[in-house]
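I have placed the structure first, in the form of structure tokens, so that the comments after it can refer back to it.
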Amino acid sequence: MFQKIKHIIDNGKKFLITTHIDPDGDALGSALSMHWVLESLGKKSVVYLKDQIPYRYKFLPAPSSITHELPKDRFDAIFVLDCGNLFRVGDGYEKLRELGTIINIDHHDTNETFGEINLINTGACSTAEVIYGLFHSLHVPLSYKMAINIYTAIFTDTGSFRYENTNSSAFLICEEMLRLGVSPSYVSQMVYENHPKERFRLFGLILTTLETYDEDRIAIACVTQEMFKKTGTSREHSDGFVETLREIKGIEVAVLLRELDSNKYKASMRAKGNVDVARICNVFGGGGHKSAAGCTIDGNIEEVKVKIKGALSIEADI
Ligand code: AMP
Ligand code: MN
Ligand code: MN
């Protein structure tokens, strides 16, 4: 597969790189390192993101112009990174196929192999691990700009080397990135210790909604549009809070529900132990990994909670 992709890159001139909505560190680090690699090979590369870069990832070296509008021109190939399915790219994703050959590079268990070329490794800790392998086979010497993007992708997707997806490649690749000049304390401060104080006011409100069920094996909390308004915050300020809920003793599934509109919620699920939240999110048309997954659920808050508890009892015997 690496050779097939190498052939397309060698023979092409112009590439589009994209990733999922609500981009996380792996999405951005993978897309941006891919950009610097294509540029170092003398290729034209355009990065398309449906959403803006969240404040905590603004330190990542990025091209001066990232497009937030889907381009109209054709490309020799389109790299879709860290997306389990094509609709994760965001509204208008259907038009992507008209722009060129889709190369799907990912590590999600639920990947739907939607590309003409699919480079999927569900055993990889991150998409960055998969593309690091690709960069290696392209014989590209890695620069600092590539290294800090790769390091940040692996560091964040493994939850700072704490989650079950943390493997020996995570450490080996990151060790190499350190030798290329990456400072772990700098990345950590940028990602985790650089929040506006409003984020903590928002946390206070979210915490008042916390409920636990089944002898504290499930935790559910929610964040509403009203809370964002009241604290002057937005979606990016609630990122990472679901991981905090996972810290509760005995919790097997932590769920954070984010109100999209009055009858639609985005559920972020995290598991500790044996429950497979990707399978639960799949029931609602979403997906992800065994211990970290997401989906969108229709209904008011009480209906959504009932649906989740129902799916948990069927899928996970909770
Ligand atoms: P999140 O809860 O949005 O942080 O996502 C957790 C994991 O599940 C990430 O790896 C996401 O890429 C994946 N994920 C989130 N939402 C969806 C969805 N609707 N469909 C497929 N995968 C998703
Ligand atoms: Mn991701
Ligand atoms: Mn990922």
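Any read-out appearing in this document is the output of simple, stated calculations on the displayed coordinates, not a laboratory observation. Here the structure is a predicted model, which means the values were calculated and not measured. So basically every Cβ, Gly included, is an ideal-geometry build from the backbone, and we count neighbours across all protein chains shown.
In percent, rounded to a whole number, the relative contact order of the stretch 70-131 is 32, using alpha-carbon pairs under 8 Å and six or more apart. Stretching the chain fully between Glu315 and Ser262 yields a gain of 16.4 nm (0.36 nm per residue, less the alpha carbon separation). Reducing the stretch 109-152 and the stretch 275-318 to their Cα centroids gives an inter-centroid distance of 28 Å. Compared with the dominant Cα axis of the chain, that is its longest principal axis, helix 25-40 is turned about 10°. Starting from the Cα of Lys72, draw a straight line to each of the lysines and keep only those under 17 Å, dropping any in the same chain fewer than 8 residues away. Straight-distance partners of Lys72: Lys13, Lys14, Lys44, Lys50, Lys95.
If I model a spin label at Lys58 and Asn118 as a point 7 Å from the Cα along the Cα→Cβ vector, what separation in nanometres do I get? If labels sit at Lys58 and Asn118, their model points lie 3.9 nm apart.
Between the helical axis of 127-137 and the longest alpha-carbon principal axis of the chain there is an angle of about 10 degrees. Net charge in the neighbourhood of Ala219 (other residues with Cβ under 11 Å of its Cβ; Lys, Arg +1, Asp, Glu -1) is 0.
Averaging the sequence gap over all C-alpha pairs within less than 8 Å and six or more residues apart, then dividing by the number of residues, gives the stretch 2-191 a relative contact order of 24 percent.
In this calculation the C-beta distance from Asn274 to Leu41 is compared with R0 = 45 Å, giving a FRET efficiency of 0.55. Which whole-angstrom value gives the distance between the alpha carbon centres of the stretch 165-205 and the stretch 1-50? The distance from the Cα centre of the stretch 165-205 to that of the stretch 1-50 comes to 22 Å.
Just to confirm the number: angle between the C-alpha axis of helix 198-207 and the first principal axis of the chain, 0 to 90 degrees, nearest 10? Approximately 40 degrees, to the nearest ten.
Once you place label points 7 Å from the Cα toward the Cβ at Asp76 and Ile248, how far apart are they in nm? Rounded to a tenth, the inter-label distance reads 5.2 nm. Cysteines of the chain lacking any other cysteine Cβ under 4.7 Å from their own Cβ: Cys83, Cys125, Cys174, Cys222.
Between Asp51 and Glu211, full extension at 0.36 nm per residue minus the direct alpha carbon distance yields a gain of 54.5 nm. Between Pro71, Ile117, Ser268, the Cα set farthest toward the positive side of the dipole of the chain (charges on each charged residue's Cβ, about the Cα centre) is that of Pro71.
With the simple model of a label 7 Å out from the Cα in the direction of the Cβ, Val306 to Ser65 spans 5.2 nm.
Loop-located GluC sites (Glu not before Pro) across the stretch 214-318 with a Cβ neighbour count of 15 or fewer within 10 Å are Glu215, Glu247, with loop assigned by DSSP.
Averaging the sequence gap over all C-alpha pairs within less than 8 Å and six or more residues apart, then dividing by the number of residues, gives the chain a relative contact order of 13 percent. Each DSSP beta bridge with both residues in the chain is either parallel or antiparallel, and the antiparallel ones are about 45%.
Run the helix sum for the chain: -39,500 (n - 2.57) per DSSP H stretch of 4+ residues, divided by residue count, reported at 222 nm to the nearest 500 deg cm²/dmol. Rounded to the nearest 500, the figure is -11000 deg cm²/dmol.
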